[in-house]
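Asker: Provided herewith is a single structure, encoded as structure tokens, for subsequent inquiry.
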Amino acid sequence: MKCHEFEATIMSMARGQLVEAAARDTAGAHLDRCARCADAFEEQQAITAGIRVAAESLANQEPSPRVEEALRRAFRERAGRLAERRITPQPAENGRWSRRVIGAAAAAILLLALLAGADWLKSLPASQKQEATNLPATPSISAPGRKQDSQALAGRGRDQNRKTASNSAGPRRLSKSQGVRQNVENVNEVATRFYPLVDEGEMAPLESGMIVRVEAPASILISLGLPVTAESINRPVQADLLLGQDGLARAIRFLP
Amino acid sequence: MTPSDDELIRLIASGVEEAFVTLYRRYQGRVFRFALLMSGCPATADDVTQEVFLALLRDACQYDSSRGALLTYLYGIARKQVLRVLKRNRPFTQLGDEADEDKPEPTRHLISQADPLNEIARNEVAGAVRQAVLALPARYREVVVLCDFQEMSYAEAADALDCSVGTISSRLNRARALLARRLRAGGRVGPASLDTDQRRCLV
């Protein structure tokens, strides 16, 4: 065996690693014949011994207790932050919740309005009743659940002075077939745009709907981010609720 | 029954502090000693240990046991932290550079002359070896620390250092040759060859 062939084995043997019996025997025979390799082997054994001594001298070395304290603190802070994040709704969720609350409140108001409307219809004479139920339809409102429909709503919102046919406090039935173009000329009221009360995709697309005139507390304006003056905060506001085919409130607009 | 590393990692991700402490106590010594041998400074080793476990805390969910043992993962983080510290102190570093590696030095078997039963001699040997290791270039030092001091296999060291087993083997051979030369030279490896940080820590 030549010296350079032995070098690969010398390291393993000197480090006390397992070496195949045959390789060990061959290396042993080479060491007997080659003084240079024997010296190198001895030197490497000495290094291994020195490293073991040095490693033993460090065996009990550990980080100072302050490290564990700092890590425990960091862990608690992190756990606290995570728990807080789990409990506190995120801003987006918060907005969704407030909209749901508004939607539920609006639905409750709607029920009352429907009952009042039914009583009002009952109290009318037959001829007037016919007239009231044949109210001209207001422009059809697209479902806020669809993007293009939301844009349509927003477009209407930009047209702040759009007039609507809402002389009556009673509910009016809308449908797709009646279309947007119908009766826009008949309207004579000023209203804001419709503000969606539900997020896109949360409800089925609006197939047909109904607009109901209601009175709502002014706080509803605040929840939608609309300005409210100090004088008007206690006054109820007139609003139109857009109800979908499922009877749930989809959007709301306000009248002065 | 002792919980496995995987179980502890899962518990840590769920926010169980005791799991984190158990894992810390299981590996803190080895991570600290690795950092100490690499930096030569207990304060730096403290900082590195803290950073390693903070990183584990941050990324506990990202550790994938199928890609290697947790200790290897921790050594990998510790190594990066130590190299960052060494790089920061580089302007003052006079550790064994490339030109120094091939300089011939007189043969003298200092270590084999030490009496293993003599505590003083042992301390001297331990100190000489540690200083010789500290004087190695970082890429050789880390291999010696992992394979010889921490007794990792070549494959584990290769995982921790993100290189091939062949690289580990050749670096270890080279590192040990350098160590032999420095230890032969005896008193030649002294505080003068250490960087500012290490000198401060040795005082």
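Asker: Which residues, counting only those in the stretch A:29-58, are facing chain B (nearest Cβ under 7 Å) and closer than 15 Å to B:Val125 by Cβ?
Answerer: Correct list: A:Glu43, A:Ala46, A:Ile47, A:Ala49, A:Gly50, A:Ile51, A:Val53, A:Ala54, A:Ala55, A:Ser57, A:Leu58.
Asker: Just checking: which of the helices (runs of 4 or more DSSP H) contained wholly in the stretch B:34-141 hold 2 or more residues that are surrounded by 19 or more Cβ atoms within 10 Å (Cβ to Cβ) and modelled with pLDDT of 90 or more?
Answerer: On the way: elements: B:42-59, B:70-88, B:98-101, B:110-113, B:119-134.
Here the list reads B:42-59, B:70-88, B:119-134.
Asker: I need the full set of residues from the stretch A:12-58 which are assigned to a helix (DSSP H, G or I), closer than 21 Å to B:Arg184 by Cβ, over 60 Å from the mean Cα position of the chain (by Cα) and hydrophobic (A, V, I, L, M, F, W, C), in order please.
Answerer: Those that are assigned to a helix (DSSP H, G or I), closer than 21 Å to B:Arg184 by Cβ, over 60 Å from the mean Cα position of the chain (by Cα) and hydrophobic (A, V, I, L, M, F, W, C): A:Met13, A:Ala14, A:Leu31, A:Ala35, A:Cys37, A:Ala38, A:Ala40, A:Phe41, A:Ala46, A:Ile47, A:Ala49.
Asker: Does A:Arg15 count as at the interface with another protein chain (Cβ under 8 Å from one of its Cβ atoms) and among the basic types (Lys, Arg)?
Answerer: Yes: the conditions hold for A:Arg15.
Asker: Same structure, new question: Do you know which of the residues in the stretch A:59-89 that are outside any helix (DSSP H, G or I) and modelled with pLDDT under 85 is nearest to the other protein chains (Cβ to nearest Cβ)?
Answerer: A:Thr88
Asker: Looking only at the stretch A:52-61, decide whether some residue is charged (D, E, K, R), surrounded by 13 or more Cβ atoms within 10 Å (Cβ to Cβ) and under 23 Å from B:Thr49 (Cβ atoms).
Answerer: No: the stretch A:52-61 contains no residue that is charged (D, E, K, R), surrounded by 13 or more Cβ atoms within 10 Å (Cβ to Cβ) and under 23 Å from B:Thr49 (Cβ atoms).
Asker: Enumerate the pairs (first residue in the stretch B:12-31 and more than 9 Å from every other protein chain (Cβ to nearest Cβ) and farther than 17 Å from B:Thr72 by Cβ; second residue anywhere and surrounded by fewer than 18 Cβ atoms within 10 Å (Cβ to Cβ) and modelled with pLDDT of 90 or more) with beta-carbon separation below 6 Å, excluding pairs fewer than 6 apart on the same chain, so at least 6 apart or on different chains.
Answerer: Filtered contacts from the stretch B:12-31: no entries.
Asker: Of the residues that make up the stretch B:154-162, is at least one on the phi > 0 side of the Ramachandran plot, within 12 Å of another protein chain (Cβ to nearest Cβ) and not in a helix (DSSP H, G or I)?
Answerer: Among the residues of the stretch B:154-162, not one is on the phi > 0 side of the Ramachandran plot, within 12 Å of another protein chain (Cβ to nearest Cβ) and not in a helix (DSSP H, G or I), which makes the answer no.
The values are calculated or read from the model by the stated rules, or taken from the named source; none is laboratory data. On a predicted model such as this, the values are computed, not experimentally measured, just so you know. Neighbour counts are summed over all protein chains in view; Cβ atoms, including those assigned to glycine, are modelled from backbone coordinates with ideal geometry.
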